[in-house]
Amino acid sequence: MTEVTMMSDSPLLKIESSAPDPKAVDLACQALNNGELVVAPTETQYGILASSDNSAALEKLFALKGRDKNKPVSVFINKISQLNDYAEMCPLSEAIAGKFLPGPLTLVLRSKKDFGKLITRKGKTGFRLSANLLIQMILDKIEIPVTATSANFSGAPSEESAMSIKEEFGSEIAVYLDGGRLNNPASTVVEVIDDKINFLREGAISKKDILAAIR
């Protein structure tokens, strides 16, 4: 059974990462479908989820974080095949995705779909395929990409617990999913366009490991 803690108006639900309660998943999906924000654990850090097709939710996310609108957020997808649906793949991006996804990697690719200016910029979108079961279950149910951005104020250190995040954001977030303390490195961000690779951020996966895998 999911343990629920109430602070302000938003529930904080403790979940088992290996077996998330479907009721918690349902509650998170209901909030996302209603244009609200959800905090959830990933395999790296806590993230704030918003539906990629709800412009009001995306505007709220940026305002809440104090994030520069010229810095787009990435999105979670739930199947590797969706990379071909949403982005222009090449042999190099296919090799990297096949080796490191699902996992803590963000692939920035030329986008077939324009998700709007807060996600797609200069024709490119960042995509993540999470290894976290909870994220996978949410995406399987909601069936559209959701935002993949850290649950903190822009420029501030990432908080390690759902409770500390709730103390910062309160009822501005509709649902908090508590997967325990997280202090893992952020995802590595790699842009791959026309079989050329550009490392934008080195994180959980090293540049050395990626280069070794594609040689």
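The values are calculated or read from the model by the stated rules, or taken from the named source; none is laboratory data. From a predicted model like this one, the values you see are computed outputs, not experimental measurements. Positions of Cβ are backbone-derived with ideal geometry, glycine not excepted, and every protein chain shown enters the neighbour counts.
Considering only region 80-108, state which residues are assigned to a helix (DSSP H, G or I) and over 12 Å from VAL192 (Cβ atoms).
Step one: filter region 80-108 for residues assigned to a helix (DSSP H, G or I), giving 82-86, 91-100.
Passing the criteria: GLN82, ASN84, ASP85, TYR86, GLY98, LYS99.
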Next on the checklist: Condition first: among the aliphatic types (A, V, I, L, M) and closer than 14 Å to LEU211 by Cα. Now tell me which residues in region 72-116 satisfy that.
Outcome noted: LEU92, ALA95, ILE96, ALA97, LEU105
Checklist entry - Does PRO20 count as touching a helix residue (DSSP H, G or I) at 6+ places or on another chain (Cβ under 6 Å) and not in a helix (DSSP H, G or I)? => result yes
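State the number of residues belonging to region 163-215 that are among the aromatic types (Phe, Trp, Tyr) and free of Cβ contacts under 8 Å to residues at least 24 places away in the same chain. Step through it out loud before you land on a result.
Our first condition is that a residue be among the aromatic types (Phe, Trp, Tyr); within region 163-215, this holds for 169, 176, 199.
Now restrict to residues that are free of Cβ contacts under 8 Å to residues at least 24 places away in the same chain: 199.
Final tally of qualifying residues: 1.
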Checklist entry - Can you name the residue in region 16-37 that is within 18 Å of the chain's Cα centre (by Cα) and closer than 20 Å to PRO104 by Cβ and is also modelled with the highest pLDDT among such residues? => result PRO20
Item to check | Residues of region 128-143 satisfying the condition of being within 18 Å of LEU109 (Cβ to Cβ) and in a loop (DSSP other than H, G, I, E, B) | outcome: SER130
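The rows are residues; the columns are (1) surrounded by 15 or more Cβ atoms within 10 Å (Cβ to Cβ); (2) modelled with pLDDT under 95; (3) in contact with a Phe, Trp or Tyr (Cβ under 9 Å, 6 or more places away or on another chain).
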| residue | (1), (2), (3) |
| --- | --- |
| ASN84 | no, no, no |
| MET89 | yes, no, no |
| SER93 | yes, no, no |
| ILE96 | yes, no, no |
| PRO102 | yes, no, no |
| LEU109 | yes, no, yes |
| LEU118 | yes, no, yes |
